[in-house]
Amino acid sequence: VQDVCGQMSLIAQARAIELSMADLFPVSVQGDREHLRRLVVNLVDNALKYTGTGGLVRLTLKESAGWAVLEITDNGIGLTVEEQKKIFNRFHRASEARSSDGKGVGLGLSIALSIAEAHSGRIEVASTPGRGSTFSLYLPATSR
């Protein structure tokens with residue numbers, strides 16, 4: 001998570017978005033390192049993509065009830081309940097995002113979910129239009 005945050009900090013700076021790591025507690029998961037990295041990159045990139053200039057994207061990591069829980073919270077465009085039902089579908093992009101930046105084809109969250117599920121995990125989203133989103137990644141935690 002720290003490596004990805006460092007990697008994505010240049011993108012955040014270029015967009016004048018504050019990318020911060022809040023509470024990052026040591027927790028381990030078992031899996032394919034490169035796929036897990038891609039999963040976290042996709043989630044952070046998504047948050048940065050839909051957060052406006054001067055916005056904030058915050059990452060927290062903890063262990064809870066046997067799960068490693070990574071939360072990525074932004075104060076971006078947010079999603080309606082209807083959009084939340086569709087965002088993990090291949091080629092889906094939030095309606096406001098389609099007209100605002102023209103980038104991406106709507107595969108990032110679909111890929112992220114596939115990687116999470118391949119590692120016996122899941123992704124949940126909580127969002128409010130105009131206020132932002134929190135994506136919560138749950139992966140089985142392993143003993144250190």
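The values are calculated or read from the model by the stated rules, or taken from the named source; none is laboratory data. Quantities reported herein were computed from a predicted structural model and do not represent experimental measurements. Here Cβ is always computed from backbone atoms with ideal geometry, including for glycine, and neighbour counts include all displayed protein chains. Protein only, heavy atoms only, side chains kept; ligands, DNA and RNA dropped before computing areas. Shrake-Rupley method; radii C 1.70, N 1.55, O 1.52, S 1.80 Å.
Structure notes:
- Selection of segment 30-42 for residues being over 16 Å from the mean Cα position of the chain (by Cα) and open to solvent by less than 50 Å² (accessible area, probe 1.4 Å) yields only GLY31.
- Flag if ASP3 is of a type in the set (Asp, Glu) and modelled with pLDDT of 95 or more: no
- Qualifying positions in segment 43-84 - more than 16 Å from the chain's Cα centre (by Cα) and closer than 24 Å to PRO140 by Cβ: GLU63, SER64, ALA65, GLY66, TRP67
- The residues of segment 49-88 that are among the charged types (D, E, K, R) and farther than 14 Å from THR128 by Cβ, listed by number, are LYS49, ARG58, LYS62, GLU63, GLU71, LYS85, LYS86.
- Selection from segment 125-144 of residues that are open to solvent by 30 Å² or more (accessible area, probe 1.4 Å) and either more than 14 Å from the chain's Cα centre (by Cα) or modelled with pLDDT under 95 (or both): THR128, PRO129, GLY130, ARG131, PRO140, THR142, SER143, ARG144
- Residue within segment 13-26 that is surrounded by fewer than 16 Cβ atoms within 10 Å (Cβ to Cβ) and assigned to a helix (DSSP H, G or I) present: yes
Conditions tested, residue by residue: (1) assigned to a strand (DSSP E or B); (2) modelled with pLDDT of 95 or more; (3) at positive phi; (4) charged (D, E, K, R).
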{"site": "LEU39", "(1), (2), (3), (4)": "no, yes, no, no"}
{"site": "ARG58", "(1), (2), (3), (4)": "yes, yes, no, yes"}
{"site": "VAL69", "(1), (2), (3), (4)": "yes, yes, no, no"}
{"site": "PHE88", "(1), (2), (3), (4)": "no, no, no, no"}
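- Boolean, ARG98 is modelled with pLDDT of 95 or more, part of a helix (DSSP H, G or I) and more than 20 Å from THR134 (Cβ to Cβ): no
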